[in-house]
4 protein chains.
Amino acid sequence: MSEAIKLKGIIPPMVTPLAARDQLDSGGLERLVEHILAGGVHGLFILGTSGEAPSLSYRLRRELIDRTCSQVDERVPVLVGITDTSFVESVNLACYAAEAGAKGVVLAPPYYFPAGQDELIEYVDHLIPELPLPLTLYNMPSHTKLMFEPETIRRVMDNSAIAGLKDSSGDMVYFHRLQTFLRNRRDFHLLVGPEELLGETVLLGGDGGVSGGANLFPRLYVSLYEAAAAGSHRRVKELQSIVMHISNTIYSTGRFSSSIIKGLKCVLSLEGICNDFMAEPFHRFRRVERERTEKHLRAIKRELAVVFDRNTV
Amino acid sequence: MSEAIKLKGIIPPMVTPLAARDQLDSGGLERLVEHILAGGVHGLFILGTSGEAPSLSYRLRRELIDRTCSQVDERVPVLVGITDTSFVESVNLACYAAEAGAKGVVLAPPYYFPAGQDELIEYVDHLIPELPLPLTLYNMPSHTKLMFEPETIRRVMDNSAIAGLKDSSGDMVYFHRLQTFLRNRRDFHLLVGPEELLGETVLLGGDGGVSGGANLFPRLYVSLYEAAAAGSHRRVKELQSIVMHISNTIYSTGRFSSSIIKGLKCVLSLEGICNDFMAEPFHRFRRVERERTEKHLRAIKRELAVVFDRNTV
Amino acid sequence: MSEAIKLKGIIPPMVTPLAARDQLDSGGLERLVEHILAGGVHGLFILGTSGEAPSLSYRLRRELIDRTCSQVDERVPVLVGITDTSFVESVNLACYAAEAGAKGVVLAPPYYFPAGQDELIEYVDHLIPELPLPLTLYNMPSHTKLMFEPETIRRVMDNSAIAGLKDSSGDMVYFHRLQTFLRNRRDFHLLVGPEELLGETVLLGGDGGVSGGANLFPRLYVSLYEAAAAGSHRRVKELQSIVMHISNTIYSTGRFSSSIIKGLKCVLSLEGICNDFMAEPFHRFRRVERERTEKHLRAIKRELAVVFDRNTV
Amino acid sequence: MSEAIKLKGIIPPMVTPLAARDQLDSGGLERLVEHILAGGVHGLFILGTSGEAPSLSYRLRRELIDRTCSQVDERVPVLVGITDTSFVESVNLACYAAEAGAKGVVLAPPYYFPAGQDELIEYVDHLIPELPLPLTLYNMPSHTKLMFEPETIRRVMDNSAIAGLKDSSGDMVYFHRLQTFLRNRRDFHLLVGPEELLGETVLLGGDGGVSGGANLFPRLYVSLYEAAAAGSHRRVKELQSIVMHISNTIYSTGRFSSSIIKGLKCVLSLEGICNDFMAEPFHRFRRVERERTEKHLRAIKRELAVVFDRNTV
């Protein structure tokens, strides 16, 4: 297995540009990768929740891996989501990703059958020898029903093939509890999912974030990460307030919990970067939400222009 | 599309006999199909929850469809589960099933992203034109997080391609509510999942059950169905008490909610019918649970012998 | 302690007629008691969920106990809900009820702190010696968060001071599981809460129901009980369909889960029996819902007239 | 109504020292109040969740209000929890508290009936005119099932009688969202419940915490608050790591979610401050947990001695 790399900073969970139900928007994908990388991010995570991975066919997932790794061309490490209800399909995808040049894989618990924590430990123990790449565990309990509990992390983290954890539970007590456990695993990366929590987690010792908004404004999140890593909590508060503005508007426009992904794709479409087609069971924002999003976008850009030079965000 | 068939009676959700992680127990599969059909069942449902479908590779799912349809050889209709988080993979599997000779497909809501009911309706509306077989909807909220709410069923059920509903929610108020709505859809089958509820649902107008225990004792469930359909509630109570005995022992042996499938496979292994290998994230019952199951099995067989001629259950 | 009585049949959970926030509608209360008793019910349960007990001051609860016991005057046994988060207040209310002539008390788990099952067992063990009346346990997990699990019931039910269980979980697998355990406790009453499930539970051996609709149409529920107890499942289906009509209309008019109580009070107000004032945090149906309810009521009465002599329901 | 005071800093949720089921440990109460006040706290909150309020009789609650207000004697403001399922009992307790000299009341949503957000707004609108003291809203969804959603806060917070919010949801996205809304309500206090989150919330603009651990080590939490308010994030990290040590040991000793209160009372008993008797449905830690707690306590005190002068924590 290739050696685990300690990740730090902003690793955006890339949305998957689609032209139709089972068709990539390949031009949009190229533009999106370049847009994100231009923001100075530290890695790229494809086929996560924001990437709508579970809704995509395996054929399309493989095509996305190929095209993304080729486009990134080792400028930053690419991580590939392999979360699946089928152990065999997870392994298949991991092997494919390794061949294509990815540097790590990311796995949430299998999400159909509700397994016990002992079963999760065994699952991970069985999986690791089959994986050609370092593994980042992933908590996303709102979608997978269960998560890796602190005691479970403690029992599996001595395995050096486990490179880190991405926590999207939003449960900061859990996050701080893990930080205590991880004092002696200096090479383990602890990343936070919800971007609203990026500032505080990095201020208090976290390693970075998998921030969806970095699809749109990568430099904002990179700057917030850097300010927090440097302990400039005044700058953190300033940038955090724009992140909250995005969260309170773009992500809160639709009625359902899928609004975050829909909002991300809508802005990318408004910006001419890629198509906003969504895989079933979702559909893109319709006219009313799109117009509302456009208005919000203008206000956010004005705020960004105040704290950044206009051309660099 | 082939015409929808009104299903009635017992359609067992077949467990998937496995020899190893990605290998069917093909001898066991043949014996299991014959064992179930010998019990007089009215159909066979493969690749459902009891069949561990989400845990299996797509390759193995296709092999199972081929072998089962071939073994059944049109003696009863075969239904195939196509529940998936990916719309395209659901359609792929449905097409494969139609080619192999299946008579219907069964679909629970996509289970990663939590969709709204409006999105579910649109999902079904998009799906039906792509399906070559009649569709039975399937509620399994403990595993899929959301279910088809009564109003959703009311809005989609006028589509004649929807043949029926299998409800495993265990919510009998919901079940009775649907029965009210369905008064004018005589060709729609309303089947109950939990076998503990088979007697009462059929007594009060339901069409039958997808009873996991019919993998083990098909004639027991067929007899219970027939007694209920005939309104013999005294016989229903007698047979129901054996069903509860199975539920209180075989299905309650392990610690986790997966005990039902583990218990089913353990008994089939004890009976020499098929292997009890389980796909990850589960594993078969270990020695203690196996011995306990064996003891329970003997007691249940004694009860069965009292109410049936020993050789026919 | 007075001896436990085995309850059977219909024990309506009486709504609490209110004239204002902390004031009984005492005339309405008299009329309501007489209306219900005229229907031939087998008991009366006050200060349950339908009685809005947790929303009432203790002073008003005591007044209601006095007035109801006095009005009923031993024609049927009166049961009093003593569910509380405070052990001491539960005991206080039980003592008051015994003095006033009630025949039993009803208790759901304390509902603020989430206790473990072991703690619940200890709670019941501590409580029973303090109670002057037989205790009916009560499951209402949608409101109390936890319920008495089957194993908990098995461990406490040998105490003869526990007279029975009222189950409003709607979980029929649980209900049937308990029936199995209770085979040797012939004096234990097992009552079902949701009226939609009354028919089937009694057909299969349950003892009766605590049916909210019996506030409105007591004879309907008494007849349904009698038909089920006699095994007339055809009559059960006929009456059950009216029960479902009530459930699908009156109880489903408002947006929130409180619609059942609001619907009950609205009908009682339309019928001139009592005031429909609701304790906070709820308010009565407003004009639109009231008009809709009136229309539904007319349709239900037409159905009732078909299956009963018009003047007797 | 007395004018709302803007609270800041540490307002410990005091545990209720009990000698027996319905009897205060009055000596323990005096010692506990003095112990907490000696730590430099900014207020005192009685009859909250840590105070086991819902488990206490109303008589005992009133006695606690009297004794605490008298002991505190206006050295810091006393806040009194009035959360109740009964509107009238909440008002009664608020009036009693005002008479006794309390400076504010704290209210979580009524926790038996699941109200809609519109109903919650109406509830608060009805309540405020009846209250003689400023109101702090309180989110505790693990115990009350529902919370004040952001939009609900936005709609009620213009009422100047609402002095602030104590959020124990642990949901930091929610917390940051409220901070955005509250920019123009400078007199509104936003306090965090879980002490594990005290550091970050104050660093990013929160007003303080209702930290259970301040029953034990008031100066630790006051110092953490002061460090965060001053933006010394290095000192925050140092003190935060002791808070996490307490959380990972004292609060995690028992099996159930009640371990926090049990752990607090156990330490106070080990320290000779007050009795560790718990109101039903809980009981104090037994010998094994007590011994484990004693060991943890020694380790925590060693850590405290390193960062503080031994005699001042």
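The values are calculated or read from the model by the stated rules, or taken from the named source; none is laboratory data. All of these numbers come straight from a predicted model, not from anything done at the bench. Positions of Cβ are backbone-derived with ideal geometry, glycine not excepted, and every protein chain shown enters the neighbour counts.
A few remarks follow.
- Residues of the stretch B:107-117 include none that is surrounded by fewer than 19 Cβ atoms within 10 Å (Cβ to Cβ) and in contact with a strand residue (DSSP E or B) (Cβ under 8 Å, 6 or more places away or on another chain).
- Total residues in the stretch D:159-170, condition over 18 Å from D:THR201 (Cα atoms) and either among the acidic types (Asp, Glu) or surrounded by 19 or more Cβ atoms within 10 Å (Cβ to Cβ) (or both): 2
- Residue pairs whose Cβ atoms lie under 7 Å apart, sitting 6 or more positions apart in sequence or on different chains, and linking a residue in the stretch B:30-54 that is touching a residue at least 24 places away in the same chain (Cβ under 8 Å) to a partner that is crowded, with 22+ Cβ neighbours inside 10 Å and among the charged types (D, E, K, R), are B:LEU47/B:ARG61; B:ALA53/B:ARG61.
- Test: residue in the stretch C:287-307 that is outside any helix (DSSP H, G or I) and farther than 20 Å from C:VAL41 by Cβ: no
- Evaluating D:GLU280 against the criteria (1) away from every other protein chain (no Cβ under 14 Å); (2) in contact (Cβ under 8 Å) with a residue 60 or more places away in the chain; (3) not β-branched (Val, Ile, Thr) leaves one unmet condition, (1).
- Filtered by the rule that a residue be surrounded by 17 or more Cβ atoms within 10 Å (Cβ to Cβ), in a helix (DSSP H, G or I) and not aliphatic (A, V, I, L, M), the stretch D:249-263 gives D:THR249, D:TYR251, D:SER259, D:LYS262, D:GLY263.
- Selection count where residues are within 14 Å of chain A (Cβ to nearest Cβ) and under 18 Å from D:GLY209 (Cβ atoms), scope the stretch D:148-172: 6
- The stretch C:8-30, residues that are touching a Leu at 6+ places or on another chain (Cβ under 7 Å) and of a type outside the set (S, T, N, Q): C:ILE11, C:PRO12, C:MET14, C:VAL15, C:PRO17, C:LEU18, C:ASP22, C:LEU24, C:ASP25
- Residues in the stretch D:201-221 that are within 14 Å of another protein chain (Cβ to nearest Cβ) and on the phi < 0 side of the Ramachandran plot: D:THR201, D:VAL202, D:LEU203, D:LEU204, D:GLY206, D:GLY209, D:SER211, D:GLY212, D:GLY213.
- Residues in the stretch B:218-230 that are under 15 Å from B:ILE36 (Cα atoms), surrounded by fewer than 24 Cβ atoms within 10 Å (Cβ to Cβ) and among the hydrophobic types (A, V, I, L, M, F, W, C): B:VAL222 alone.
- Residue in the stretch A:41-52 that is of a type in the set (A, V, I, L, M) and more than 23 Å from A:PHE188 (Cα to Cα) present: no
- Given (1) crowded, with 19+ Cβ neighbours inside 10 Å; (2) farther than 21 Å from C:SER211 by Cβ; (3) within 14 Å of another protein chain (Cβ to nearest Cβ), index of the condition C:LEU133 fails: (3)
Yes/no per residue for (1) under 19 Å from the mean Cα position of the chain (by Cα); (2) at pLDDT below 95; (3) not aromatic (Phe, Trp, Tyr):
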position: C:GLY206; (1), (2), (3): yes, yes, yes
position: C:ALA227; (1), (2), (3): no, no, yes
position: C:SER252; (1), (2), (3): yes, yes, yes
position: C:GLY263; (1), (2), (3): yes, no, yes
position: C:GLY272; (1), (2), (3): no, no, yes
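- When residues in the stretch C:183-199 are screened for being within 13 Å of chain B (Cβ to nearest Cβ) and over 14 Å from C:ILE10 (Cα atoms), 1 of them pass.
- Matching entry among A:ALA108, A:ALA100 (being under 21 Å from B:HIS143 (Cβ atoms) and aliphatic (A, V, I, L, M)): A:ALA108
- Listing of helices (runs of 4 or more DSSP H) fully contained in the stretch A:105-177 that carry 2 or more residues being closer than 25 Å to A:LEU198 by Cα: A:141-144, A:150-156
- Taking the listed residues B:VAL156, B:VAL173, the one that is hydrophobic (A, V, I, L, M, F, W, C), surrounded by fewer than 24 Cβ atoms within 10 Å (Cβ to Cβ) and free of Cβ contacts under 8 Å to residues at least 12 places away in the same chain is B:VAL173, with no other qualifying.
- Scoring A:GLY213 on the criteria (1) in a loop (DSSP other than H, G, I, E, B); (2) over 19 Å from D:GLN240 (Cα atoms); (3) not charged (D, E, K, R) leaves a single failure, condition (1).
- Test for A:ILE121: is it farther than 28 Å from B:MET147 by Cα and either away from chain B (no Cβ under 14 Å) or buried (at least 21 other Cβ atoms within 10 Å of the Cβ) (or both): no
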